[in-house]
Amino acid sequence: MIVVQDKKLLQRYCEKYDICSHFSNWEALTKKLVRYRKGELIALYGDKADKLFFLISGTVKFSCIADNYEEYFFFDARNEGLFGEVEYVMDIPLISQSEVTEDCECIVIPIEENRHILDNDLKFQIFLTNILAQKYNDMRRRYMDIEAYPLEIRFVKYLLSDREGDDIGSLRQISGAIRCSYRQLLRVVKRFCERGWIEHLEQKGKYRITDREALERMLGEMEI
């Protein structure tokens with residue numbers, strides 16, 4: 001973890017991603033810009049929760065431990081996503097473990113130093129409510145898809161949910177998100193490559209969507 005001592009860069013990120021618009025008095029908050037390297041653990045399950053994070057770049061994997069001690073994939077936060085909000089609202093220890101899977105930058109807001117401001121900021125509380133509702137709805141839809149759709153359709157829905165670009169993320173993470181084994185997903189990926197819908201890049205384990213329209217047609221035919 002590296003704390004970036006660059007107030008101008010922090011301000012540029014705030015303006016670029018419009019983060020300050022979620023707060024009534026952004027300038028009054030204590031915050032810092034932090035960089036994490038791939039493989040670093042940002043927080044451990046069960047530890048004291050004392051920060052809110054705005055993920056500016058990179059990817060963070062979240063997982064939690066079930067009663068049988070198996071690790072389950074929870075969700076990805078991408079781009080300008082907020083995390084740490086559940087623990088803030090409920091004032092509980094961390095409910096998941098967060099690991100950096102791609103070098104990332106975060107704007108970090110210490111909770112205790114800012115709690116009085118955060119708790120009394122109606123603008124932030126409304127933003128927080130919307131974030132929690134959206135995440136709940138996304139997770140509900142994902143679990144419903146597991147019961148309702150075959151693996152190929154779940155994979156297509158996952159791919160099309162990201163409209164930021166055509167590069168496909170970690171297949172191991174995706175297999176956790178759509179609840180299948182890594183080997184099962186590899187077989188689907190192979191079929192999609194044969195159909196020309198995605199391609200295997202030169203970098204090991206990296207894929208890219210090559211025919212988004214074909215994926216959309218497949219999904220449309222399934223949902224008619």
The answer for the per residue Cα convex hull volume of region 1-55, in Å³, is 108 Å³
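How big is the equivalent ellipsoid of region 101-153 along its three axes, where each semi-axis is √(5λ) from the Cα gyration tensor, reported in whole Å from largest to smallest?
On the way: eigenvalues 218, 60, 11 Å².
Here the semi-axes work out to 33, 17, 7 Å.
Over the chain, with the other protein chains present, what is the accessible area per residue in square angstrom, probe 1.4 angstrom? Kindly include the intermediate steps, with their values, before the conclusion.
On the way: 13180 Å² over 224 residues.
Accessible surface, normalised per residue, equals 59 Å².
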Between their Cα atoms, which of 31/157; 61/190; 7/204 are more than 32 Å away from each other? 31/157; 7/204
Convex hull around the C-alpha positions of the chain: the volume in Å³ per residue is 147 Å³
Virtual paramagnetic centre 7 Å along Cα→Cβ of residue 125, amide N under 20 Å, in region 6-40: 20-30
Find the percent of Cα-Cα distances in region 144-224 that exceed 17 Å, and round it to a whole number. 42 percent
Work out from phi, with θ = phi - 60° and the Karplus expression 6.51 cos²θ - 1.76 cosθ + 1.60, the ³J(HN,Hα) of each residue of region 12-29, listed in order in whole Hz, and give x for Gly and Pro. 4, 5, 4, 6, 4, 9, 6, 5, 5, 5, 8, 10, 6, 9, 4, 5, 6, 7
Against the longest principal axis of the chain, how steep is helix 212-223, in degrees 0 to 90 to the nearest 10, with axes from Cα atoms? 80 degrees
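For the chain, which whole-number percentage of the solvent-accessible area (1.4 Å probe, protein heavy atoms only) is attributable to carbon and sulfur atoms?
Carbon plus sulfur share of accessible area: 49 percent.
The values are calculated or read from the model by the stated rules, or taken from the named source; none is laboratory data. Being a predicted model, the structure only gives us computed values, none of them experimental. Because the Cβ atoms are built from the backbone with ideal geometry, glycine has one as well, and the counts that use them run over all protein chains shown. To get the accessible areas, we keep the full protein, side chains included, count just its heavy atoms, and leave off ligands, DNA and RNA. Shrake-Rupley method; radii C 1.70, N 1.55, O 1.52, S 1.80 Å.
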